[in-house]
C-alpha cells in the first residue's frame, strides 16, 4: 500500500509578458462591463464600455499555481489560483498538511474544514479547493490516470461547451456578428451578460430585454441562449424582465439575485417559465440543498475552485441528480470542472462553460491548456489534470513566502 507523505506545500507565482498589452488599441477590441451588485450605488458604478483605444493593460501578468510535494517524489500541481487563496493555503493550512498521507484526500478535506472557524466560505474555501484539486492531481500522477478516470468516468470522449460571451460589446452590430460566429463554431449554446440593473430604471429594463431579442434574432429559434445578471438584480426587476423576455425562450436566467436570497428565488421561479440558474457563489452542500430541494433552480453552477474542489463538487453532483437539477459548473477555471463533468452522466452534467475572451489569457502559461475544438472539449488523457507549464512564457518563477 502506498502512503506518500506530504513534505512541502508551495505556491508559485509565475510572471511573464501580457499578451493583452499593446502600445495601440487593445488587441481584444472594445470590452463590455457586466452588471455588478454594487451598481445600486451610483458613485460606485464603472463605465459600461471601455473602448479599445482607452483600455489599459500592464506589460506583464502573473498567475499562481499550487504544488504539493510528497516524500516519494510524487507531487500534485493545480492552477491558476488567485493569489489571496494561495496565501491562505500557506498561512492557515500548510502546517496541517505536512506529514499527512497525500492520498487520504477525503480525510484531509474534512480536517481542513474543521481546523479554522472560517473554513466553510470565502477565501478559506477557495484555499481548500486549491488543496483538494492539487491532491487529486497528485493521485492521478501516482496511479497514472486522468482525474476523470479515478472518479469513475469513461463513457464520454468529448464534453460539449457553451460559449460565455463576457466582455463582448453588446451594440446590435457586435451582438449579431459574435453570436453568429459562435454558433457557426458548433458551441452548445452561448451566454450573454447584462450591463443594466434596477438602478438603470425602465431604460435599463428595456435594454436588457432588447439584448435577448437581438441575440435570438441573430441565431434563430433553435440555438440555446442564456443570460447572466451576476446577482445584480432584485426580484421586481427580474420578474419584469422575465415577463417581457419569455417570448424569446432563454434557456436560463443566471444569478438574477444574490445567492442567499432563497425566498426570492422561489418567488421568481413561481412567476416565470424561464429556468433559473445559480451556484457559483455557493460554498457548501447545505446551501445547495436549500436551492435544489424546493425546485427554485433548474441549473446548479457550483465552482470547484471555490466550493471545495473536486471532492465537494462530486458530492454536489449527487445532490443535483437526486433533485433532477443539471450541474453545469461555473467556468472560473477549466481543469477541475472538466474532469468532474467527464465522470458524470450527461443528464447530470450536460456541458461545460468556456469564457471565450478570458480563458486563453487566464491559462496563458500552460502548454496545451484545455480549449474547445468544434464546440467541444476533447477528453483529457494525461495523468492527473495534465497541467504543464510552458517555460518559454515564464520570465520569473517566485515562491510565495510561508508563514
Residue in the stretch 353-376 that is surrounded by fewer than 22 Cβ atoms within 10 Å (Cβ to Cβ) and either closer than 21 Å to residue 289 by Cβ or not assigned by TED's automatic domain parsing to the domain that holds residue 287 (or both) present: no
Failed item in (1) at pLDDT 95 or above; (2) surrounded by fewer than 22 Cβ atoms within 10 Å (Cβ to Cβ), with residue 169 passing the rest: (1)
Pick from the stretch 363-403, criterion more than 20 Å from residue 333 (Cβ to Cβ) and touching a helix residue (DSSP H, G or I) at 6+ places or on another chain (Cβ under 8 Å), ranking: modelled with the highest pLDDT: 401
Qualifying positions in the stretch 284-300 - crowded, with 24+ Cβ neighbours inside 10 Å and assigned to a loop (DSSP other than H, G, I, E, B): 297
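Here's a check for you: in the stretch 316-335, which residue that is touching a strand residue (DSSP E or B) at 6+ places or on another chain (Cβ under 6 Å) and in a loop (DSSP other than H, G, I, E, B) is modelled with the lowest pLDDT?
331
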Of the criteria (1) in contact with a strand residue (DSSP E or B) (Cβ under 9 Å, 6 or more places away or on another chain); (2) surrounded by fewer than 24 Cβ atoms within 10 Å (Cβ to Cβ), which one residue 313 fails: (2)
Sole residue being modelled with pLDDT of 85 or more and surrounded by fewer than 16 Cβ atoms within 10 Å (Cβ to Cβ), chosen from 93, 41, 65: 41
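For the stretch 174-198, which residues satisfy the criterion of being touching a helix residue (DSSP H, G or I) at 6+ places or on another chain (Cβ under 8 Å) and within 12 Å of residue 34 (Cβ to Cβ)?
So the first thing to find is which residues in the stretch 174-198 are touching a helix residue (DSSP H, G or I) at 6+ places or on another chain (Cβ under 8 Å), and the list is 175-176, 179-180, 183, 190, 192, 194-198.
192, 194, 195, 196, 197, listed by residue number.
Look through the stretch 247-264, keep the residues that are under 19 Å from residue 193 (Cα atoms) and at pLDDT below 95, and return whichever of them is surrounded by the fewest Cβ atoms within 10 Å (Cβ to Cβ). It would help to see each step written out before you state the result.
Initial filter on the stretch 247-264 (under 19 Å from residue 193 (Cα atoms)): 247-259.
From what's left, at pLDDT below 95: 258-259.
Working: 258: 15, 259: 19.
Checked the stretch 247-264; the qualifying residue surrounded by the fewest Cβ atoms within 10 Å (Cβ to Cβ) is 258.
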Residue in the stretch 153-173 that is touching a helix residue (DSSP H, G or I) at 6+ places or on another chain (Cβ under 7 Å), over 28 Å from residue 340 (Cα atoms) and not in a loop (DSSP other than H, G, I, E, B) present: yes
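Pull up the stretch 1-27, narrow it to residues that are under 30 Å from residue 77 (Cα atoms) and part of a loop (DSSP other than H, G, I, E, B), then point me to the one that is modelled with the highest pLDDT. Write out each step before concluding.
Of the residues in the stretch 1-27, the ones under 30 Å from residue 77 (Cα atoms) are 1-21.
Filter once more, keeping what is part of a loop (DSSP other than H, G, I, E, B): 1-4, 18-21.
Numbers: 1: 82, 2: 86, 3: 91, 4: 96, 18: 88, 19: 84, 20: 76, 21: 70.
Selected residue: 4.
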Residue under evaluation residue 264, criteria (1) touching a strand residue (DSSP E or B) at 6+ places or on another chain (Cβ under 7 Å); (2) more than 29 Å from residue 18 (Cβ to Cβ), criterion not met: (1)
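Table: residues versus (1) modelled with pLDDT of 95 or more; (2) surrounded by fewer than 22 Cβ atoms within 10 Å (Cβ to Cβ); (3) not in a loop (DSSP other than H, G, I, E, B); (4) not assigned by TED's automatic domain parsing to the domain that holds residue 331.
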{"residue": "186", "(1), (2), (3), (4)": "yes, yes, no, no"}
{"residue": "209", "(1), (2), (3), (4)": "yes, yes, yes, no"}
{"residue": "218", "(1), (2), (3), (4)": "yes, yes, yes, no"}
{"residue": "226", "(1), (2), (3), (4)": "yes, no, yes, no"}
{"residue": "243", "(1), (2), (3), (4)": "yes, yes, yes, no"}
Which numbered condition residue 260 misses (of (1) in a loop (DSSP other than H, G, I, E, B); (2) touching a helix residue (DSSP H, G or I) at 6+ places or on another chain (Cβ under 7 Å); (3) free of Cβ contacts under 8 Å to residues at least 40 places away in the same chain): (2)
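The values are calculated or read from the model by the stated rules, or taken from the named source; none is laboratory data. Just so we're clear, the structure is a prediction, and the values are computed from it rather than from any experiment. Counting neighbours? That spans all protein chains shown, and the Cβs are built from the backbone with ideal geometry, glycine included.
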